[in-house]
Amino acid sequence: MMSAPRLALIAALALLAACQSEPSAEVPAAAAAASEKSAALRNMEQVAIAAHRCWFASRDPVFASYSFANELNSFSGQPRFLLVPRGDFGGRPLLVVQASGAAGTVTSFGPLLDGAAGSRIRGDIARFASGDASCGTSA
């Protein structure tokens with residue numbers, strides 16, 4: 001025969017097990033949102049590292065009058081980086097490169113894309129987003 005404390009413990013455990021609820025239908029949606037952010041962040045980290053290395057760390061003269069403003073820790077689910085006038089991190093962005101969605105699709109916009117280096121910037125971003133971190137040729 002079981003002792004009273006042991007019987008009480010078994011009863012308490014059975015009661016706790018009975019109180020467990022079914023998993024919420026919202027859990028998969030939350031997990032999907034987290035994976036979207038993960039894919040977007042993963043892709044933007046790759047693009048931002050390559051862009052910074054190829055455009056700024058290399059001292060490319062095409063980008064000498066711009067500063068790189070990293071905003072990868074965005075809580076909007078769209079990590080991004082900006083090119084702004086040199087030394088003016090609060091200035092109007094001249095280029096925005098961001099990623100979003102379940103696939104982490106990288107998009108870009110801004111007046112720099114309409115300038116002389118626009119085709120090079122678009123090509124670099126597409127190459128970086130594809131996983132090729134090579135710097136390519138300068139404009």
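The values are calculated or read from the model by the stated rules, or taken from the named source; none is laboratory data. Every value quoted in this text rests on a predicted model; they were computed, and no experiment measured them. When we count neighbours, we look across all protein chains shown, and the Cβ atoms used for this are built from the backbone with ideal geometry, even at glycine.
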Fill in the blank from the handout: Listed by first then second residue, the pairs whose first member lies in the stretch 70-83 and is within 16 Å of residue 39 (Cβ to Cβ), whose partner is part of a loop (DSSP other than H, G, I, E, B) and of a type in the set (A, V, I, L, M), with beta carbons under 8 Å and at least 6 positions apart or on separate chains, are 79/72; 80/72
Practice task
Could you tell me whether any residue of the stretch 119-131 is at pLDDT below 95 and touching a Leu at 6+ places or on another chain (Cβ under 9 Å)?
Solution key: no
Problem - Residues that are touching a strand residue (DSSP E or B) at 6+ places or on another chain (Cβ under 7 Å) and of a type in the set (S, T, N, Q), drawn from the stretch 39-63 - result: 43
Practice task
Scan the stretch 102-115 and give yes if some residue there is among the charged types (D, E, K, R), loosely packed, with under 15 Cβ neighbours inside 10 Å and without any contact (Cβ under 8 Å) to a residue 40 or more places away in the chain, otherwise no.
Solution key: yes
Handout entry: Of all residues in the stretch 116-131 being among the hydrophobic types (A, V, I, L, M, F, W, C) and not in a helix (DSSP H, G or I), the one that is surrounded by the fewest Cβ atoms within 10 Å (Cβ to Cβ)
Key = 116
Practice task
With the condition kept exactly as written, say whether any residue in the stretch 65-77 is under 24 Å from residue 134 (Cβ atoms), at pLDDT 95 or above, surrounded by 19 or more Cβ atoms within 10 Å (Cβ to Cβ) and not β-branched (Val, Ile, Thr).
Solution key: yes
Problem - Residue identified as at pLDDT below 90, over 17 Å from residue 129 (Cα atoms) and surrounded by 11 or more Cβ atoms within 10 Å (Cβ to Cβ) among 57, 8 - result: 8
